[in-house]
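The values are calculated or read from the model by the stated rules, or taken from the named source; none is laboratory data. Keep in mind that what you see is a predicted model, and the values were worked out from it rather than measured. We place every Cβ from the backbone using ideal geometry, glycine too, and count neighbours over all the protein chains shown.
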Amino acid sequence: MNVFDQYRAIVLKAIKKEAATSGWPSNLDLSRVTVEPPRNPDQGEISTNAAFVLAKPLGVSPEILANTLAKRLEHEAEGSVTSTTVAKPAFINFRLREEVWHQQLSEILQSGPAYGDSALGAGKPVNVEYVSVNPTGPLHVGHARGSVYGDALAALLTKAGFKVAREYYINDAGAQVDTLARSVHLRYREALGEAIGALPEGCYPGEYLKPVGAALAKRDGRKWLGKPEADWLAPLRLFAVDAMMVLIRDDLAALGVRHEVFASEFSLVKAGAVDAALKTLSDRGLIYTGTLEPPKGKKIEDWEPRPQLLFRATRFGDDTDRPLQKSDGSWTYFASDIAYHFDKYRRGFAEMIDVWGADHAGYVRRLQAAVKAITEDKGALDVKICQLVKLMDKGEPVKMSKRSGAFVTLRELVEEVGKDVVRFVMLTRKNDAPLDFDLAAVKEQSRDNPVWYVQYAHARAHSVLRNARTEFPGLEVSPAALARGPLERLTDAGELALIRQLANWPRLVEAAAEAHEPHRLAFYLYDVAAAFHGLWTRGREEGAIRFLVREDRELTEARLALVSGVATVVASGLGVFGVEPMKEMR
């Protein structure tokens with residue numbers, strides 16, 4: 001149970017009781033009333049902004065209202081509140097009986113890794129599209145961030161009760177896949193013994209295409225040699241995209257990233273989805289032929305005004321109307337993207353989340369405008385931009401990859417430090433903030449390395465439990481057994497503070513899910529790890545608060561429940577991140 005939701009219900013009940021007594025309006029807006037930990041833990045354990053929110057609509061002093069509600073709150077809490085205080089501007093802070101926190105620890109142990117699961121989403125469908133890179137080569141370090149962010153966000157939303165579809169959009173209908181096919185044809189000729197010399201400008205030079213060319217030669221023999229491009233371009237395009245998607249899926253698997261749906265742009269266009277989507281917009285009067293003003297920052301002599309098919313994006317919050325057709329009559333990428341997002345909507349996803357790289361930030365408003373238009377404002381698109389990753393080693397930029405020739409591949413990074421490290425580090429910053437990934441730093445075994453520090457907390461907890469089995473023969477240390485133990489023996493301020501941190505996990509899951517910010521979990525897990533390590537260190541210095549007290553089996557049992565609670569919550573958080581909760585550090 002989310003203890004903060006529990007006490008919010010009590011706060012709302014107190015407000016309604018006071019409203020009936022004092023003659024307040026019965027239709028007060030209580031949606032902004034929150035219950036959460038106070039910013040200053042010295043002021044209390046739980047805080048509500050109820051008086052601050054209601055003072056203006058009621059026309060009373062916030063402080064007077066806070067004192068009135070505090071008294072009512074103590075009564076409605078039925079003895080679980082031991083004291084209340086009012087802090088400026090009008091926050092009501094209260095402390096709870098220790099039994100409340102002991103009960104929270106028991107619930108953590110009974111719930112196991114499912115602790116923090118929420119009904120917030122109520123099964124609402126959400127489409128999360130991430131990675132979606134052009135199928136022209138292996139993934140690089142920059143792709144790792146969006147891949148991990150999207151995967152963790154999908155897991156977070158699932159934990160919060162949403163019905164999530166994990167999707168990858170294959171951009172296999174543009175000029176870049178024609179270039180890929182030409183590059184593969186060159187490697188195909190090379191595999192058959194031709195000297196191809198230096199690759200023409202614009203082709204993909206990476207060695208990763210050599211095995212693709214060799215595979216084509218093995219499958220088709222000399223079938224495509226000496227043939228005009230018109231004969232081989234289309235079949236080689238399909239072959240090359242399939243080969244690249246195998247490569248990309250293998251890269252994602254190495255990182256532990258998964259998708260349930262792979263949508264093809266080529267298939268969408270071929271099925272007439274673009275024509276159908278644009279007809280829908282045209283029927284609503286949202287497409288016209290016009291001439292755009294020259295783009296800002298471009299010299300007039302470089303601008304060639306011409307009539308174009310335009311979408312009325314300005315009606316939906318964009319700063320200019322947008323072209324839908326190229327001069328050769330083919331659809332723009334934007335037109336295909338409109339059709340793709342309309343397809344998502346028609347598949348039942350009114351809520352869509354796209355994870356994009358920083359180079360696409362300027363594209364956000366036009367596509368959000370298009371989604372509003374094509375769904376008649378019934379669909380919503382949230383675009384999450386992932387900023388660049390700088391790969392460093394002891395503060396120095398890492399040299400380029402030998403395999404790709406132009407970038408360090410995602411696979412090389414995973415092989416160097418492991419998938420768990422890559423995943424956790426990519427989530428230690430907000431997605432739209434730049435991130436430095438230092439290979440030397442992530443290999444350190446210190447509190448400055450958040451990956452190691454959090455995993456070590458989980459491993460240390462299991463080490464304590466293993467030692468307990470040895471020192472206390474017959475003591476049952478399963479979470480279910482510990483949940484029934486003498487938890488009332490946990491009275492130390494540090495122990496109770498740690499329980500309160502653990503009890504905050506369900507609230508944090510919901511807040512992070514609503515904000516689409518999985519990085520909040522990384523900060524939380526680090527703080528829990530720090531509190532646990534600190535308590536362990538205190539136990540070494542002060543024998544009375546050791547986790548294992550040989551002369552007091554009952555107290556040991558209670559403290560093992562706390563240790564197991566830490567392991568449970570850390571494992572729950574790492575599970576959202578797709579990181580293994582280590583029981584022993586390697």
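Assorted remarks:
- Pairing residues of the range 351-377 that are farther than 20 Å from ARG322 by Cα with residues that are of a type in the set (Asp, Glu) and not in a strand (DSSP E or B), at Cβ distances under 9 Å and at least 6 apart in sequence or on separate chains, gives ALA358/ASP432.
- Exactly one residue among ALA51, ALA9 is aliphatic (A, V, I, L, M) and buried (at least 18 other Cβ atoms within 10 Å of the Cβ), and that residue is ALA51.
- The lone exception for ASP448 - which of (1) assigned to a loop (DSSP other than H, G, I, E, B); (2) charged (D, E, K, R); (3) in contact with a strand residue (DSSP E or B) (Cβ under 9 Å, 6 or more places away or on another chain) it fails: (3)
- On inspection, VAL477 does not qualify as within 35 Å of the chain's Cα centre (by Cα), in the same structural domain as HIS533 (by TED's automatic domain parsing) and either in a helix (DSSP H, G or I) or under 30 Å from VAL398 (Cα atoms) (or both).
- The range 185-198 residues that are within 14 Å of TRP232 (Cα to Cα), paired with ones that are hydroxyl-bearing (Ser, Thr, Tyr) (beta carbon under 9 Å, 6 or more apart): none
- Number of the condition not met by PHE94 [criteria: (1) modelled with pLDDT under 95; (2) out of contact with any Leu (no Cβ under 8 Å at 6 or more places or on another chain); (3) not basic (Lys, Arg)]: (2)
- Test: residue in the range 432-440 that is more than 22 Å from GLY256 (Cα to Cα), loosely packed, with under 14 Cβ neighbours inside 10 Å, aliphatic (A, V, I, L, M) and touching a strand residue (DSSP E or B) at 6+ places or on another chain (Cβ under 7 Å): yes
- Residue check for ARG466: outside the structural domain of ALA512 (by TED's automatic domain parsing) and part of a helix (DSSP H, G or I): no
- Applying the condition of being out of contact with any Ser or Thr (no Cβ under 8 Å at 6 or more places or on another chain) and of a type in the set (Gly, Ala, Ser) to the range 450-466 and asking which residue is nearest to MET585 (Cα to Cα) yields ALA459.
- Flag if ALA350 is closer than 22 Å to ASP283 by Cα, in contact with a helix residue (DSSP H, G or I) (Cβ under 7 Å, 6 or more places away or on another chain) and small (Gly, Ala, Ser): no
- Restricting the range 505-558 to residues that are β-branched (Val, Ile, Thr) and farther than 18 Å from PHE577 by Cβ leaves a set whose member that is surrounded by the most Cβ atoms within 10 Å (Cβ to Cβ) is THR556.
- So LEU186, is it of a type outside the set (Asp, Glu) and outside any loop (DSSP other than H, G, I, E, B): yes
- Considering the range 103-117, the residues that are surrounded by 21 or more Cβ atoms within 10 Å (Cβ to Cβ) and of a type outside the set (S, T, N, Q) include one that is nearest to LEU487 (Cα to Cα), namely LEU105.
- TYR149 vs. criteria in contact with a Cys (Cβ under 6 Å, 6 or more places away or on another chain), within 27 Å of LEU413 (Cβ to Cβ), in contact (Cβ under 8 Å) with a residue 60 or more places away in the chain and in a helix (DSSP H, G or I): yes
- Taking the criterion of being within 16 Å of MET392 (Cα to Cα) and surrounded by 20 or more Cβ atoms within 10 Å (Cβ to Cβ), the residues of the range 415-428 that qualify are VAL421, VAL422, VAL425, MET426.
- Members of the range 166-188 that are within 31 Å of the chain's Cα centre (by Cα) and either buried (at least 19 other Cβ atoms within 10 Å of the Cβ) or farther than 18 Å from SER132 by Cβ (or both): ARG166, GLU167, TYR168, TYR169, ILE170, ASN171, ASP172, ALA173, VAL177
- Note on the range 13-27: among residues that are in contact (Cβ under 8 Å) with a residue 24 or more places away in the chain and touching a Leu at 6+ places or on another chain (Cβ under 7 Å), the one that is surrounded by the fewest Cβ atoms within 10 Å (Cβ to Cβ) is TRP24.
- One residue alone among GLY121, GLY150, GLY146, GLY142 is surrounded by fewer than 23 Cβ atoms within 10 Å (Cβ to Cβ), small (Gly, Ala, Ser), modelled with pLDDT of 95 or more and not assigned by TED's automatic domain parsing to the domain that holds LEU236, and that residue is GLY121.
- Candidates are the residues of the range 308-328 that are in contact (Cβ under 8 Å) with a residue 40 or more places away in the chain, assigned to a loop (DSSP other than H, G, I, E, B) and not acidic (Asp, Glu); the one that is farthest from SER147 (Cα to Cα) is ARG312.
- Residue match in the range 28-48 (condition: buried (at least 21 other Cβ atoms within 10 Å of the Cβ), within 21 Å of VAL3 (Cα to Cα), in contact with a Lys or Arg (Cβ under 6 Å, 6 or more places away or on another chain) and β-branched (Val, Ile, Thr)): yes
- Of the criteria (1) more than 25 Å from ALA214 (Cβ to Cβ); (2) modelled with pLDDT of 95 or more; (3) of a type outside the set (Gly, Ala, Ser), which one GLU229 fails: (1)
- Residue list for the range 210-233, restricted to those being among the aliphatic types (A, V, I, L, M) and in contact (Cβ under 8 Å) with a residue 12 or more places away in the chain: VAL212, ALA214, ALA215, LEU216, ALA217, LEU225, LEU233
- Residues (under 39 Å from the mean Cα position of the chain (by Cα) and in a loop (DSSP other than H, G, I, E, B)) located in the range 189-209: GLU201, GLY202, CYS203, TYR204, PRO205, GLY206
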